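The structure under discussion appears below in the form of structure tokens.
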Amino acid sequence: MATIFQSSQRSPAASSEEHVPAARANSVLELIGNTPLLEITRVTEGLLRPGVRLFAKLEGFNPGGSVKDRAVRHMVEFGLRRGELRPGKTIIDSTSGNTGIALAMVGAALGYPVEIVMASNVSRERKKIIEAFGAKPIYSDPLEGSDGAMMVARKIIADNPDRYFKPDQYNNEANPLAHFDTTGPEIWHQTSGRITHFVAGIGTGGTVMGTGRYLKSRNPAVRVIAVEPDDAMHGLEGLKHMASSIVPGIFHAEELDQRMAVSTEDAYEMVYALGQIEGVLVGQSCGAALVAALQVARGLREGCVVTVFPDFGDKYLSTNLWIGWEQWRKERLLKLVSKWNASESATT
Amino acid sequence: MPVKVRVPTPLRRFTGGIDEVAAAGESVRAVIEDLEKRHPGMRERLLDDKGELRRFVNIYLNGDDIRFLNQLNSQVKDGDDISIVPAIAGGE
């Protein structure tokens, strides 16, 4: 297969004359998107056929540190355009994760107060980051999870409906549109239109729906594959087990070619592999995305598989992800692959 | 040793939707075994195939994380409160 990145032939230590700095920006919002696409070569070594390449879009390079910057910027801009968000209003939403950080960042950049409802068991890093952007955290019962936080936010808004603007990432079409407008075109351009499979986790469904729609509009043969946890009780922060969750209004299963379930343990193993073999430290949803993308890629004779790594791993260092990883060795990755081989041969 | 166990939403399909159930046992491990008898399916969500607590599951005994007590062997007394809390809260 031809080289997708011409730049991959260049020395990593290209001279300063050749280095082109990022465009100057007037607002942090202008720095959202245009994230790099990294070819995963070391974790996949010896596991793929020669005509198959696997890439990950590193969304941790967004200024708020995650893919959620894209959806939040679109939802807030649409809210402003429609007059739903205007001076005097407060932005509120229930989110324990990256959307909360993105809302806090975008609110600060635009001068709007932000309140984030989150279950009290979110990681310390998240609470601190959200507070550091000046947003007000409101804590809900950890046993009730994200659906519980959603109920608390609804009550706060019902008590004072004129005060708040709620982006509502689960039902706001500006969320998938952000990916139709930005993530999809970027991937198309970065792969020179050679992408054959797009694999992404389902949180709200925004990334997989919007990006998938764009890619299919350019080439209907592109297969769009969604990744979700294998059980309602899971540890894949950012991903939703659809069968046991309130299905987001923006999620349309009929547009997907395939859905894959990933276990928490397999995803964690892949996070350790990415850190120690590839030199990329990411969050658990990235591990799940790569588990699925690698299984898709291994089934191909030829193809270009692209997945999305929603963020980097620094926000998760105090979480359970890092319990019991100290003895990790590359053999554990090979054991994981052998397990897939065994289950594939058992089902064929 | 009857104890009160608070059940998170992802496990309530095993308890008929109830958020707080009774169980018995002298240790947290024994309480989990009793939960499995009363509500089959609970154990494999809490313990791995080696019988250890799955990494993404936190169990609090009277508000204290059992990983900082005596893990699954933490002693349980009559009337204790146990909370099962997934390590994540959605995260979208």
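The values are calculated or read from the model by the stated rules, or taken from the named source; none is laboratory data. Since the model is a prediction, treat every value here as computed from it, not as a measurement. As a convention, Cβ positions derive from the backbone with ideal geometry for all residues, glycine included, and neighbour counts pool all protein chains shown.
Out of segment A:315-330, which residues are touching a helix residue (DSSP H, G or I) at 6+ places or on another chain (Cβ under 7 Å) and away from chain B (no Cβ under 14 Å)?
A:LYS330
Of A:ARG70, A:ARG53, which residue is buried (at least 18 other Cβ atoms within 10 Å of the Cβ), in a helix (DSSP H, G or I) and modelled with pLDDT of 95 or more?
Matching residue, one of A:ARG70, A:ARG53: A:ARG70.
If I ask for residues that are in contact with a helix residue (DSSP H, G or I) (Cβ under 7 Å, 6 or more places away or on another chain) and within 11 Å of chain A (Cβ to nearest Cβ), which ones from segment B:14-56 would you list?
Within segment B:14-56, B:PHE14, B:ASP19, B:GLY41, B:MET42, B:ARG45, B:LEU46, B:LEU53, B:ARG54, B:ARG55, B:PHE56 meet the criteria.
If we keep just the residues of segment A:68-95 that are of a type in the set (Val, Ile, Thr) and under 15 Å from A:LEU29 (Cβ atoms), which is farthest from the chain's Cα centre (by Cα)?
A:ILE91
Applying the selection to segment A:123-156, what residues are within 9 Å of chain B (Cβ to nearest Cβ) and not hydrophobic (A, V, I, L, M, F, W, C)?
Correct list: A:SER123, A:ARG126, A:SER140, A:PRO142, A:GLU144, A:GLY145, A:SER146, A:ASP147, A:GLY148.
Tell me which of these A:ALA200 doesn't satisfy, since it passes every other one: (1) small (Gly, Ala, Ser); (2) modelled with pLDDT of 95 or more; (3) crowded, with 19+ Cβ neighbours inside 10 Å; (4) not assigned by TED's automatic domain parsing to the domain that holds A:PRO220.
In the conditions (1) small (Gly, Ala, Ser); (2) modelled with pLDDT of 95 or more; (3) crowded, with 19+ Cβ neighbours inside 10 Å; (4) not assigned by TED's automatic domain parsing to the domain that holds A:PRO220, A:ALA200 misses (4) alone.
Among strands (runs of 3 or more DSSP E) lying entirely in chain B, which contain 2 or more residues that are within 30 Å of A:THR99 (Cβ to Cβ)? Reasoning before the result, please.
Details: elements: B:2-6, B:20-24, B:57-61, B:81-86.
Hits in chain B: B:57-61, B:81-86.
Restricting to strands (runs of 3 or more DSSP E) lying wholly in segment A:218-330: which have 1 or more residues that are in contact with a Phe, Trp or Tyr (Cβ under 7 Å, 6 or more places away or on another chain) and under 20 Å from A:ASN62 (Cβ atoms)?
Counting at least 1 such residues, we get A:302-309.
In segment A:235-244, which residues are at the interface with chain B (Cβ under 9 Å from one of its Cβ atoms), of a type in the set (Gly, Ala, Ser) and within 25 Å of B:GLY16 (Cα to Cα)?
To start, the set of residues in segment A:235-244 that are at the interface with chain B (Cβ under 9 Å from one of its Cβ atoms) comprises A:235-241, A:244.
Right, trim to of a type in the set (Gly, Ala, Ser) and you get A:235, A:238, A:244.
Listed by number, the residues that qualify are A:GLY235, A:SER244.
Quick one: what pairs do we get from segment A:252-269, first residue within 14 Å of another protein chain (Cβ to nearest Cβ) and over 23 Å from A:THR196 (Cβ atoms), second among the β-branched types (Val, Ile, Thr) and surrounded by 17 or more Cβ atoms within 10 Å (Cβ to Cβ), C-beta under 7 Å, 6+ apart or different chains?
A:ASP266/A:VAL291; A:ALA267/A:VAL291
Cβ-Cβ below 7 Å, separation at least six or inter-chain, first residue in segment A:32-50 and among the β-branched types (Val, Ile, Thr), second surrounded by 16 or more Cβ atoms within 10 Å (Cβ to Cβ) and assigned to a loop (DSSP other than H, G, I, E, B): which pairs?
A:ILE32/A:ASN62; A:ILE32/A:PRO63; A:THR35/A:ASN62
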